[in-house]
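Undergrad: The structure under discussion is supplied below as structure tokens; questions concerning it will follow.
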Amino acid sequence: MKNFNGKNGATAIVKNEVLSVSWPAGRSKTGKLIFDLSAQKPIFKSIELQEGNTKHPIASDLDPAFVLTVGRRDLISQNGWNIFFDKVPNKPFNAYNIEFVKQSAAIRSAGSRTVISIGKLNAPGFTGTLEVTLYNGSPLMNIAAVMETEIDSTAILYDAGLISKNALWEKIGYSDVDEQMRSIKPAVNDSAVGLQVKYRSIIGETKQGSLVVFPAPHQYFYPLDEAFNLKFVWAGNQYRNLINGYGIGIRQDLYGDRRYVPWFNAPPGTKQRLNFFILLSSGNATLALNEVKKFTNNDRYPELPGYKKMASHFHNEFIMKVVLANKTVPESPDFIKVFKRTGIDIVHLGEFHYTAHPKGPDSLRLKELHALFQQCERLSSKDFLLLPGEEPNEFFGGHWLQLFPKPVYWIMSRNADKPFVTEEPAFGKVYRISNESEMLDLLRKENGLAWTAHPRTKGSTGYPDKYKTAPFFKDQHFLGGAWKAMPADLSQPFLGKRVLDLMDDMNNWGARKKVLAEADLFTITPENEMYAHLNINYLKIDRLPEYKNGWQPVVDALQQGKFFSSTGEVLISEFNVDGKSSGEEIAVNGKRSNVTCKLKWTFPMNYVEVISGDGEKVYRERIVMDNTNAFGEQTINRSLDLTGRKWVRLEAWDVAANGAFTQTIYIK
């Protein structure tokens with residue numbers, strides 16, 4: 001009890017082998033957990049929510065349960081821990097029910113949070129501690145098996161949940177993929193099944209209220225090429241024949257999308273947080289799920305005045321698989337409905353990814369481009385902009401994407417008897433490209449942008465590092481790189497280290513490059529788990545351009561760094577240093593600099609980090625935000641000494657590893 005002070009409003013009482021903890025859970029609400037620390041009893045003796053003077057004993061006699069699946073990471077053939085092209089489940093692996101021994105317990109205060117640690121946890125090759133975190137202001141908690149291994153080349157998955165020796169729930173509730181509430185009447189002998197759901201949540205309901213189990217909305221979903229809905233929750237008895245009891249919880253499909261399946265990294269000595277969230281409600285399953293949906297804004301990217309939302313890198317292949325395949329072209333295709341439902345304003349495609357004729361013959365290539373431009377114009381409107389784009393992967397090295405501010409006809413090859421550009425009766429200007437220099441010339445002439453797709457992994461392993469001195473990379477028309485939460489590592493309180501490190505490296509190279517968020521997904525359907533795998537760029541433009549007039553403002557916002565990127569739960573509506581915003585330049589002149597950022601969030605915040613560099617080293621100023629509650633906003637001001645620095649940027653991350661990052665401000 002020595003690190004618990006109760007100053008945040010939480011209370012803790014120990015009597016014999018029972019620990020009672022309560023916390024302020026919102027307006028007129030108090031959450032209460034009673035832990036039974038005796039050896040043989042379930043750890044959660046009681047889970048209760050009090051509203052005013054009314055107590056709602058929602059559940060009792062529950063244990064957390066974790067299945068740890070351990071495989072081998074390929075650290076040799078490609079790029080070490082940054083590998084994506086790994087097929088872990090095709091190699092030998094083992095699954096273990098993590099053993100829980102209640103040999104010690106501790107409770108500590110951390111800002112507005114209360115953390116209860118109980119241990120020890122054991123699985124072959126792994127040891128750890130159970131950690132329960134309570135968040136003031138919400139009936140919200142996080143349960144984690146914090147596990148560590150010393151075995152190298154380890155990749156893991158985990159399933160988790162709450163179990164009891166009997167089916168204590170009156171009903172098990174969930175939303176199906178059509179957003180219709182469904183329920184199961186549980187029986188103690190029901191075999192555990194995976195369920196295809198919306199909002200990644202499963203709800204245990206009793207007469208006194210409901211308990212929702214759900215994962216971190218992005219962190220739990222390791223990178224895949226497809227966002228298939230792989231039944232990410234489970235309910236029933238004897239889950240995977242490893243967990244003894246009736247449970248509800250979250251799960252992963254061991255074989256993913258059956259393409260490349262890298263699982264999570266678990267490097268030696270790292271503390272992997274195998275975690276899930278719980279939300280308590282005095283209402284039924286529908287009301288409880290509605291409260292959970294608020295944490296992801298109903299799986300929709302929220303509006304932000306002065307900004308438009310852009311998503312990039314989608315290999316939907318609508319042109320080749322539907323339009324030019326002589327299939328019926330729907331008036332409103334499913335993929336458009338998905339994007340609009342998610343609140344995206346601008347979608348940048350990556351069509352013709354190994355499906356078309358980028359090098360000709362001319363008749364086919366021009367026909368394909370013409371169909372792409374026609375469909376993008378047809379499917380755009382005054383409040384939605386569909387932008388043509390490709391992942392050409394020619395001339396520069398590695399994989400890269402391009403974006404022109406208007407339709408441009410170009411062919412990725414040129415015979416000696418053909419000029420660089422011709423006028424064609426049906427298409428106007430047509431460019432034929434034969435080398436790196438001509439590709440850069442095309443970008444300059446048509447004011448286009450190119451950037452490295454999935455840098456330092458996949459087909460861009462080694463890039464952009466290999467061409468950082470090339471004329472095309474140094475040119476302003478080469479934007480930089482793209483960010484995705486890849487690889488996945490549950491020991492990190494943020495997402496996408498690979499590209500965030502690259503961003504700092506490019507800044508220290510003096511390259512003044514930008515990094516936008518990319519999805520890099522193939523099939524896009526309403527039943528998919530799209531939100532978990534999506535991310536967004538908030539572009540600082542007041543008005544959405546009309547397709548027919550071109551989309552130069554979109555290109556300008558990217559090129560000038562007038563945007564921030566987000567998973568959706570954290571917004572950075574303002575970031576400036578000495579009055580200058582991202583993409584701009586300041587002079588320090590020996591004085592301290594004023595850093596200002598304005599944040600809005602759903603999950604409680606974890607920290608904000610001001611990151612800067614001097615051309616060689618990277619410096620981090622962390623602002624711990626453990627006093628924040630869920631659903632807040634705050635303006636942060638800091639005075640920092642940036643003497644000798646050449647650049648500065650900002651990241652903000654919440655307790656579920658959701659976050660946002662800005663572009664760079666440069667220092668003279």
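Undergrad: With the requirement that a residue be open to solvent by 10 Å² or more (accessible area, probe 1.4 Å), closer than 19 Å to residue 475 by Cα, of a type outside the set (Asp, Glu) and part of a helix (DSSP H, G or I), what does region 545-563 give you?
TA: Within region 545-563, 552, 559 meet the criteria.
Undergrad: What about residue 28, is it polar (S, T, N, Q), under 27 Å from residue 139 (Cα atoms) and surrounded by 18 or more Cβ atoms within 10 Å (Cβ to Cβ)?
TA: It is false that residue 28 is polar (S, T, N, Q), under 27 Å from residue 139 (Cα atoms) and surrounded by 18 or more Cβ atoms within 10 Å (Cβ to Cβ).
Undergrad: A follow-up question, please. Take residue 378 and decide whether it is surrounded by 15 or more Cβ atoms within 10 Å (Cβ to Cβ) and of a type in the set (Lys, Arg).
TA: No, not satisfied.
Undergrad: Sticking with this one: In region 228-271, what residues are in a loop (DSSP other than H, G, I, E, B) and of a type in the set (Val, Ile, Thr)?
TA: Selection gives 243, 270.
Undergrad: For residue 594, are the conditions met, namely being of a type in the set (S, T, N, Q), open to solvent by 60 Å² or more (accessible area, probe 1.4 Å), out of contact with any Pro (no Cβ under 6 Å at 6 or more places or on another chain) and in a loop (DSSP other than H, G, I, E, B)?
TA: When the stated conditions are applied, residue 594 does not pass them.
Undergrad: Looking only at region 253-291, count every residue that is over 30 Å from residue 207 (Cβ atoms) and either open to solvent by less than 10 Å² (accessible area, probe 1.4 Å) or of a type in the set (Lys, Arg) (or both) and tell me the total.
TA: 13
Undergrad: Mind checking which residues of region 6-25 are open to solvent by 60 Å² or more (accessible area, probe 1.4 Å) and in a strand (DSSP E or B)?
TA: Those that are open to solvent by 60 Å² or more (accessible area, probe 1.4 Å) and in a strand (DSSP E or B): 11, 13, 14, 15.
Undergrad: Working carefully through the options 303, 368, find the one that is charged (D, E, K, R), surrounded by 15 or more Cβ atoms within 10 Å (Cβ to Cβ) and in contact (Cβ under 8 Å) with a residue 12 or more places away in the chain.
TA: Numbers: 303 fails: surrounded by 15 or more Cβ atoms within 10 Å (Cβ to Cβ).
Step by step, each of 303, 368 is checked, and only 368 is charged (D, E, K, R), surrounded by 15 or more Cβ atoms within 10 Å (Cβ to Cβ) and in contact (Cβ under 8 Å) with a residue 12 or more places away in the chain.
Undergrad: Out of the residues in region 39-64 that are open to solvent by 20 Å² or more (accessible area, probe 1.4 Å) and part of a loop (DSSP other than H, G, I, E, B), which is nearest to residue 166 (Cα to Cα)?
TA: Residue satisfying both the conditions and the ranking: 42.
Undergrad: Condition first: assigned to a loop (DSSP other than H, G, I, E, B), touching a residue at least 24 places away in the same chain (Cβ under 8 Å), among the aliphatic types (A, V, I, L, M) and surrounded by 18 or more Cβ atoms within 10 Å (Cβ to Cβ). Can you find one or more residues in region 335-355 that meet it?
TA: Yes - at least one qualifying residue is present in region 335-355.
Undergrad: Here's another thing I want to ask about it. Would you mind telling me which numbered condition in (1) of a type outside the set (Lys, Arg); (2) closer than 17 Å to residue 388 by Cβ; (3) not in a loop (DSSP other than H, G, I, E, B) residue 278 fails?
TA: (2)
Undergrad: Now for a separate question. For residues that are touching a Leu at 6+ places or on another chain (Cβ under 9 Å), over 26 Å from residue 26 (Cα atoms) and not aromatic (Phe, Trp, Tyr), tally how many sit in region 125-154.
TA: Counting residues in region 125-154 that are touching a Leu at 6+ places or on another chain (Cβ under 9 Å), over 26 Å from residue 26 (Cα atoms) and not aromatic (Phe, Trp, Tyr) gives 8.
Undergrad: Cβ-Cβ under 7 Å, sequence separation 6+ or interchain: first residue in region 310-322 and in a helix (DSSP H, G or I) and at pLDDT 95 or above, partner among the acidic types (Asp, Glu) and surrounded by fewer than 23 Cβ atoms within 10 Å (Cβ to Cβ). Which pairs?
TA: Close Cβ pairs satisfying both conditions: 319/368.
Undergrad: Could I ask something else about it? Of everything in region 564-591, what is in contact with a Phe, Trp or Tyr (Cβ under 9 Å, 6 or more places away or on another chain), farther than 28 Å from residue 295 by Cα and part of a loop (DSSP other than H, G, I, E, B)? Give them in sequence order.
TA: 583, 584, listed by residue number.
Undergrad: Considering only strands (runs of 3 or more DSSP E) fully contained in region 88-198, which possess at least 1 residues that are of a type in the set (D, E, K, R) and buried (at least 19 other Cβ atoms within 10 Å of the Cβ)?
TA: Those strands (runs of 3 or more DSSP E) span 113-123, 126-135, 154-164.
Okay, residues lined up against (1) more than 17 Å from residue 514 (Cβ to Cβ); (2) polar (S, T, N, Q); (3) open to solvent by 50 Å² or more (accessible area, probe 1.4 Å); (4) free of Cβ contacts under 8 Å to residues at least 24 places away in the same chain:
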position: 428; (1), (2), (3), (4): yes, no, no, yes
position: 431; (1), (2), (3), (4): yes, no, no, yes
position: 446; (1), (2), (3), (4): yes, no, no, no
position: 473; (1), (2), (3), (4): no, no, no, no
position: 489; (1), (2), (3), (4): yes, no, no, no
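Undergrad: Looking only at residues in region 628-658 that are among the small types (Gly, Ala, Ser) and at negative phi, which one is surrounded by the most Cβ atoms within 10 Å (Cβ to Cβ)?
TA: Initially, region 628-658 is screened for residues among the small types (Gly, Ala, Ser), giving 630, 632, 639, 644, 652, 656-657.
Add one more test, that the residue is at negative phi, and what stays is 630, 632, 639, 652, 656.
Details: 630: 21, 632: 15, 639: 9, 652: 28, 656: 26.
Residue satisfying both the conditions and the ranking: 652.
The values are calculated or read from the model by the stated rules, or taken from the named source; none is laboratory data. All values reported here derive from a predicted model rather than from experimental measurement. Cβ sites come from the backbone with ideal geometry, for glycine too, and all protein chains shown count toward neighbours. Surface areas here come from the heavy atoms of the whole protein model, side chains and all, with no ligands, DNA or RNA. Shrake-Rupley method; radii C 1.70, N 1.55, O 1.52, S 1.80 Å.
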